[in-house]
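Since the structure comes first, as structure tokens, the remarks are kept for the end.
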Amino acid sequence: MPRLNFTGRRRIAHDHVRISISTENEQTTFSARMNLESYGFPDTAAIIIEAYRQLELARYEFGTVTRPIPPPNTRLTEFGMLDGVRFRLKVVSNDDPRGRLLGVAERLSATNEALDRTRRIPLITVKGHDLGREIWKVDFSDEPILLINYRLANKHSLVRASVFQSLVLPEVLRSILTRILLIDGYRYFEDEDDWAARWLRFASSFPGVGSVPEEEDAEMDAEWIDSAVSAFCQWRGTDRLFRDFWRESEQGS
């Protein structure tokens, strides 16, 4: 493709582009929906979507403005874990001057349809409890419950706090998956009503995590749990949440 000419380009609103990620047979791919009618781009202008992270870049041709056709391969396997991967949509002229950049949407984040469906289901109940000097605890008497020491903090405020979400929620997930796989030896997720099955479906729906190991193997189970927690941190943006908390705490000191 000719070198791009950036003169007079239009900024495309993020809400006019939707990038969705899905995982099937351990292959992570993406799809794109876009609404470009209001921008007045030429019918023949090419649509290019780029996935990028720092110096990594993959380009995908999505047809033209009037015929947005996805390419046969939209796999993202070259990125491994998708932590930090963003997308960019470009509309490029196919007429003279050929290669002119007509419009762009930068730093697009992808949604995960399986996660979007799963995260609407409240997986864990949060309750206030007298925990002595402990701040939080997962109670496994029955279905797991996240207990918050009501003597120290309001449960709703604490769970919403960025420091709690970045430091505690990943360990809540780890402890629950450890209980399911390594302690109870449970690895079936077909039962819609079983709490353990819901958690396994939630964890396995993250890109790159894959299915629960079929056979009981402590080492493989531990690796799968690590992968699920890492993917959860990517989804929640725990590093960003902690950086924001730390920056605010340093400014206040």
Estimated vicinal HN-Hα couplings, Hz - segment 88-101 in sequence order (Karplus 6.51, -1.76, 1.60; Gly, Pro = x): 9, 10, 10, 10, 10, 5, 9, 9, 6, x, 4, x, 5, 7
Counting only DSSP loop positions in segment 161-202, the chymotrypsin sites (Phe, Trp or Tyr not before Pro) whose Cβ has at most 13 other Cβ atoms within 10 Å are 188
Could you grab the Rg to Rh ratio for segment 10-113? Cα atoms only, Kirkwood for Rh. 0.97
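Report for segment 121-252 the percent antiparallel among DSSP-assigned beta bridges with both residues inside it, nearest 5. Let's see the in-between values first.
Values: 4 of 9 bridges.
Antiparallel bridges make up about 45 percent of those DSSP assigns within segment 121-252.
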Taking the chain and counting helices only, DSSP H stretches of n ≥ 4 at -39,500 (n - 2.57) each over all residues, the nearest-500 ellipticity at 222 nm comes to -8500 deg cm²/dmol
Gain upon complete extension [residue 211, residue 248; 0.36 nm per residue less C-alpha separation]: 9.4 nm
GNM flexibility winner over the chain from 177, 241, 200 (Cα, springs under 10 Å): 241
Please state the Cα pair-distance histogram of segment 52-183 with 5 angstrom bins from zero: what percent is in each bin? 2, 7, 12, 14, 13, 10, 8, 8, 8, 6, 5, 3, 2, 1, 0
Restricted to the chain, the DSSP antiparallel beta bridge percent, nearest 5, is 75
Lys/Arg +1, Asp/Glu -1 at C-beta; segment 127-253 dipole; positive extreme among 182, 168, 246: 246
Quick calc: nm separation of the 7 Å Cα→Cβ label points for residue 54 and residue 235 -> 2.5
With no solvent and one point on each alpha carbon, what is the Debye value of log10 I(q)/I(0) for segment 121-252 at q = 0.09, 0.13, 0.18 Å⁻¹? -0.29, -0.60, -1.05
Work out how much length residue 220 to residue 171 would gain on full extension: take 0.36 nm times their residue separation and subtract the Cα-Cα distance, in nm to one decimal. 15.8 nm
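Starting from the Cα gyration tensor of the chain, multiply each eigenvalue by 5, take the square root, and state the resulting semi-axes largest first in whole Å.
They are 42, 23, 15 Å, listed largest first.
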Simple spin-label model, 7 Å along Cα-to-Cβ: residue 126 to residue 184 in nm? 2.2
If the chain between residue 24 and residue 44 were fully stretched, how many nm would it gain, using 0.36 nm times the residue separation less the Cα-Cα distance? 3.9 nm
Separation between the residue 109 and residue 153 pseudo-spin-labels, each 7 Å from Cα along Cα→Cβ, expressed in nm? 2.1
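Only the coordinates and a few stated rules stand behind these numbers; no lab work does. Predicted, not measured: the structure shown is a model, and the values here were computed from it. Cβ coordinates were reconstructed from backbone atoms using ideal geometry, including for glycine residues, and neighbour counts include every protein chain displayed.
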